[in-house]
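Step one of this worksheet: look at the structure below.
Just so you know, all these numbers are worked out from the coordinates, no wet-lab data involved. This structure is a prediction, so every number in the text was calculated from the model and none was measured. Glycine gets a Cβ as well: all are built from the backbone with ideal geometry, and neighbour counts include every protein chain shown.
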Amino acid sequence: MKMKWLNVLLCGYFFTIVEAAPAGAGPYIPTKGTFRVLAVFVQFRDDTWDHPCPSDAKKGWPAAKHAIPEWARGSKLLHPKKARRYSKGSLSDYFAVMSSGKFHFIGDVFPHLYLTPQPFAFYSQKEKRGRAYLTAKIIDWLDINGVDFSRYDNDDDGDVDFILFLFRHWKTELFTPGAGYQGISGFGFNKPIIKDGKKIIGIFPGSGTMQRGNYTLANCRSIVTHEISHFFFGSGHFSRIGSFGIHDGNAFCYAMSGYERELLDWITPREISPGKTVTLTDAITTNRYFKLKSGHGSEYFLIENRQRKSIFEKGDCVEGALPAQGLLIARIRPNVTKSSRITWVTADKTFTINDKGKAEDAFQNGATVLLEPSRAYFAQPASSATPPFQLKILRQKGTKLTIRVDTVKNETTH
Ligand SMILES: [Zn+2]
């Protein structure tokens, strides 16, 4: 499964996105059942960067403490065993909710911080040391300190499935291979490291990810969920999904979009046809989605009601809540290039590739939306065989939205 050209995969949501590989497939990890991972917290010894929220003793991760953050202790980040309920807001909780209980992302947080013996600059000399050198050192340290790596070979195929290296902070300066990134799927070394009879693979799709800026639980979750999205959907990004999904690469990640959940078979959208009235409850907490075929090939609209009811849409002191609240409509074109496969039909009619999402994107009670099928090419006239649809939000009760879809008669046809 390893491909040479997939040398490294870079992601950054505050920085320029660098992609080293064409859009790939996936998933590279199981998406059903129980999946056990290892999380390791790392801090550069000269990292003294702080900020009011990140330095908060409970919600943040103070630089001077030189310990793993409070929000990762016990089962607050990862639950050690499959359970019916997980600590609210944890990664285990996140994937249980997103998968409708199909995927149990559990694991161990190594209880001690790895404080680097050398300052950041020592490891940023990419020719000699860099992240490959550092992660190999940390792996040795974990091994000496009793980690049994064979616990993390879930499918028993001989390699470690997932280690999360969660760095507190490193500046945007280079930390090999030479770009500012928030997280990276891979460890930088080419030759697998063997521990406890299992291979730790450093090249994507390998044995895990590393990421910086894990100041708060929501911050950490955002980066981890994005990096893991590469193990679900391969390299490349859904570049127009913004903050309404996790696979953008340029936006804070809250909950998953309906499309991402549908791709993993974690939800099943119901089909809606013209002339029907349906009620949408909050998408994340009730798993309710509707799908309307556009009439143009395999294209469809995926309709979701995002009401920020879930803890995963509330944000924290570093990043606020999900930017929009209301009805969101995605245009899904399964056969186009990955970066444009999902786009949003927004209330303010603007959603560019640089958009992360804003309040004006969601449709509110009383709105009427014209949903037209895509044209095969720019100058092609709209086909009379596939008339557009009109979606209307008839009413709102609490967070529930009732919508009606109708076919719009083509008035130019006689
Ligand atoms: Zn990415």
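Amide H contacts of F162 (H built 1.01 Å from N, in plane; Pro and chain starts excluded): L38 sit under 5 Å, all sequence-distant by 5 or more or on other chains. Indicate the gyration tensor shape class of the chain (rounded, prolate or oblate), computed on the Cα atoms with a ≥ b ≥ c the square roots of the eigenvalues: a/c under 1.5 is rounded; otherwise a/b larger than b/c is prolate and the rest oblate. Judged from the Cα gyration tensor, the chain comes out prolate (a/c at least 1.5, a/b above b/c). Along the axis of the charge dipole computed for the range 10-236 (Cβ charges of +1 for Lys and Arg, -1 for Asp and Glu, origin at the Cα centre), the listed residues S99, I144, G74 are led at the positive end by G74. Please find the FRET efficiency linking K409 to R270, where r is the Cβ-Cβ separation and R0 is fixed at 30 Å, and quote it to the nearest 0.05. So the FRET efficiency works out to roughly 0.70. Spin-label model, K349 to D148: label points 7 Å out along the Cα-to-beta-carbon direction sit 6.3 nm apart. Scalar couplings 3J(HN,Hα) for the range 334-339, obtained by applying the Karplus form with A = 6.51, B = -1.76, C = 1.60 to θ = phi - 60°, are x, 9, 9, 4, 3, 4 Hz; x denotes Gly and Pro. Taking one quarter of the surface of the C-alpha convex hull of the range 258-407 gives a mean projected area of 9.5 nm². Determine, from the Cβ-Cβ distance of N365 and D155 and an R0 of 41 Å, the FRET efficiency 1/(1 + (r/R0)^6), rounded to the nearest 0.05. According to the calculation, E is roughly 0.30. Each Lys and Arg Cβ is given +1 and each Asp and Glu Cβ -1; about its Cα centre, the chain then shows a dipole of about 760 debye. Taking 0.36 nm per residue of sequence separation and removing the Cα-Cα distance, the A57/D140 pair yields an extension gain of 26.9 nm.
Among the listed pairs K59/K314; K293/K409; K137/K195; K358/K409; K309/K338; K291/K356, a Cα-Cα separation exceeding 21 Å is found for K358/K409; K309/K338; K291/K356. Rounded, prolate or oblate: pick one for the range 10-236, where a ≥ b ≥ c are the square roots of the eigenvalues of its C-alpha gyration tensor, a/c under 1.5 means rounded, and failing that, prolate if a/b is larger than b/c, else oblate. Rounded shape, in that the Cα axes give a/c under 1.5.
Set the Förster radius R0 to 45 Å, insert the Cβ-Cβ distance between T402 and I194 as r into 1/(1 + (r/R0)^6), and round the FRET efficiency to 0.05.
With R0 = 45 Å, the Cβ-Cβ based efficiency is 0.15.
Sorting the segments 341-352, 240-251 by their residues' average number of neighbouring beta-carbon atoms within 10 angstrom, most packed first, yields 240-251, 341-352.
For the listed peptides 159-169, 192-202, a ranking on the average number of other beta carbons within 10 Å per residue, highest first, reads 159-169, 192-202.
Summary of packing: across the peptides 391-403, 309-321, the per-residue average of other C-beta atoms within 10 Å ranks them, highest first, as 309-321, 391-403.
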